[in-house]
Amino acid sequence: MKYVFTQWWIYPVLFLIIVAMYDIFQKKHTIWRKFPIIGHFRNFFETIGPELRQYLFSGDQEEQPFNRNERRAIYSASKKQNENFGFGTTQDQNIAGHIIIKQSNFPVLNEKSYVFSKDDPTIIPCAKVLGEWRDREKKFRPQSVINISAMSYGSLGKKAIEALNKGAESVNCLHNTGEGGVSPHHLHGGDLIWQLGTGYFGARNTDGSLNIKKLVEKCNQHDAIKAIEIKLSQGAKPGKGGILPGKKVTQEIAEIRGIPVGETCLSPNAHSAFSNISEMIDIIEEIAEKTGLPVGIKSAVGKTEFWYELAVEMKRRNQGPDFISIDGGEGGTGAAPLSFSDHVSVPFRTGIREVYGIFQEVDLHRSVVWIGSGKLGFPEQAIYALAMGCDMVQIAREAMLSIGCIQAQKCHNGQCPVNIASHKGQWLVDAEHKAWRFSNYIRSFRKNLLALSNASGYEHPCQFTTQDILIAQGGDKFTTLCDHFDNFRTDVPEVFWN
């Protein structure tokens, strides 16, 4: 017996026997009972399935939400590597929905194109002044048409938030806080859009209701806050409310949000501060008056009756949001049930077409600043959004990819392997380096956006109209975007060039 236990192989055998006995007698997993030991391999391969498909089996354009070519483009730009692809396109250009941009035979020479900033030749300011329609006290012109979409401290780790904010400061773009409120990690020099969700985190009473006094105090305390965005819904889960798993609710996050530590944070699915359009406009005007800041709304698009009523009421009262962020159903960085993420709210292209068209009918489309959101982190997608009427776009997951996200799709459970969307191992994330990567990506994005504009005969991407975009209908058939949607914008306002 003593000899047996001196043999190394006996210990693995004993371990397997113990596992097999456990598998046979446990009652939760039928596979384990029927196939002891071997049944565990099913769970193992199920766990690493996304990684196997991503790196070994999927084609360059097969993965979702971002395929290998798209990720490579972002990674290369963020690392200042070669961004070019060789030997022609691998994209089927006739597949339905594919975008073709009409180039001009007399393009604008790049070296003669209008330079908006000598310090950073990639700067592309917004063609409109945010808050000008209602003449807000602190109206301003955003210095970048590409900005960071809503991702809260909680859904992302503190180093990721810090990196994005430092990167935003270096490239003069706006950083949306997400509904988790303004945290210390948002305050590294980048300008902020403070998003107020249904939980009113950072500006709430103990019962969860909105406290405008706290809101005003925080805005006065932080000059970085340039605008307020009231989130009605988001593309991934409209009408559901935000979800922050309990394992992500740290002591610091609990203090910032005013919620218990370690408990899952479920935002209400509707606002308690207003329950109809008139009350919502009242809240918008009260916040704008007391803070001086432009105030807007963010929403996914579902029933269009809301947008008709909003446009009519804004026209009647000459009051309302300074900007409208339209979020597409294909977007989403947070956790959501599959039924919501897959089947609720329309894609961005459909959403902006419907809502912008409604505001055209009442002649308010030029007054409001339009922001697009929903997988728009590539120049051709941004041009599509701008041609449809948007004045700016905001990006979320593409920004995450630029600072190291590998699309592991584990944001919802706190198990992010690169610590971008988790709170573990933050010492492994170098915020300075990640900020450098993000700034590289944005500068490359804007550079290519300007290059495409010049190739089409324009000096600013907001000069694109629906006549400049072709959409593949399948087979060999293409139609221009104006066949589906009329865009009245034909040029950049003259004041912009001064």
**Asked** Kirkwood Rh, Cα Rg: Rg to Rh for the range 173-221?
**Response** 0.97
**Complete:** Phi angles of the range 121-138, converted by Karplus (6.51 cos²θ - 1.76 cosθ + 1.60, θ = phi - 60°) into ³J(HN,Hα) in whole Hz with x for Gly and Pro, give x, 8, 4, 10, x, 5, 6, 10, 8, 6, x, 6, 4, 9, 6, 5, 4, 10
**Message:** Given the range 62-164, report the % of alpha carbon pairs whose separation exceeds 21 Å.
**Reply:** 66
**Complete:** So for R0 = 56 Å, FRET eff. of E217-I17 from the Cβ-Cβ r, to 0.05, ends up at 0.30
**Complete:** Distance in nm between K34 and E432 label points, each 7 Å along Cα→Cβ, equals 5.8
**Asked** Taking the Cα centre of the range 268-316 as origin and charging only Cβ (+1 Lys, Arg; -1 Asp, Glu), how large is the dipole, in debye to the nearest 20?
**Response** 200
**Prompt:** Using a Förster distance of 22 Å, how high is the FRET efficiency between N276 and K315, based on the Cβ-Cβ distance and rounded to 0.05?
**Reply:** 0.85
**Request:** With an 8 Å cut-off on Cα pairs and a minimum separation of 6 or more residues, tell me the relative contact order of the range 112-458 in percent.
**Result:** 21
**Complete:** Ordered by number, the trypsin sites (Lys or Arg not before Pro) in the range 122-215 that occupy a DSSP loop and have at most 16 other Cβ atoms within 10 Å are K138
**Asked** What list of ³J(HN,Hα) values in whole Hz, one per residue of the range 464-472 in order, does the Karplus curve 6.51 cos²θ - 1.76 cosθ + 1.60 (θ = phi - 60°) give from phi, with Gly and Pro shown as x?
**Response** 5, 10, 5, 6, 8, 10, 9, 10, 5
**Item:** Inter-part distance where the range 390-439 and the range 263-336 are each reduced to a Cα centre, Å
**Value:** 27
**Request:** Apply the Karplus parameterisation 6.51 cos²θ - 1.76 cosθ + 1.60, with θ equal to phi minus 60°, to every residue of the range 180-192 and state each ³J(HN,Hα) to the nearest whole Hz, in sequence, with x for glycine and proline.
**Result:** x, x, 7, 10, x, 7, 8, 10, 10, x, x, 6, 10
**Complete:** Residues whose modelled amide H sits under 5 Å from the amide H of N147, counting only those 5 or more places away in sequence or on another chain, are V393, Q394, I395
**Complete:** Neighbour-count ranking for E111, E70, E279 (other C-beta within 10 angstrom, fewest to most) reads E111, E279, E70
**Asked** So which of K158/K231; K139/K434; K128/K375 end up more than 29 Å apart by C-alpha?
**Response** K139/K434
**Item:** Residue-span extension gain [T250 to T304] - 0.36 nm each, minus C-alpha spacing
**Value:** 15.5 nm
**Request:** List the residues whose amide H sits under 5 Å from the amide H of G296, counting only those 5 or more places along or on another chain, with H placed 1.01 Å from N in the peptide plane.
**Result:** I228, E229, I230, D322, F323
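Read the figures in this text as sums done on the coordinates, not as results from a lab. It should be emphasised that the depicted structure is a prediction, and the values quoted were computed from it without experimental measurement. Glycine gets a Cβ as well: all are built from the backbone with ideal geometry, and neighbour counts include every protein chain shown.
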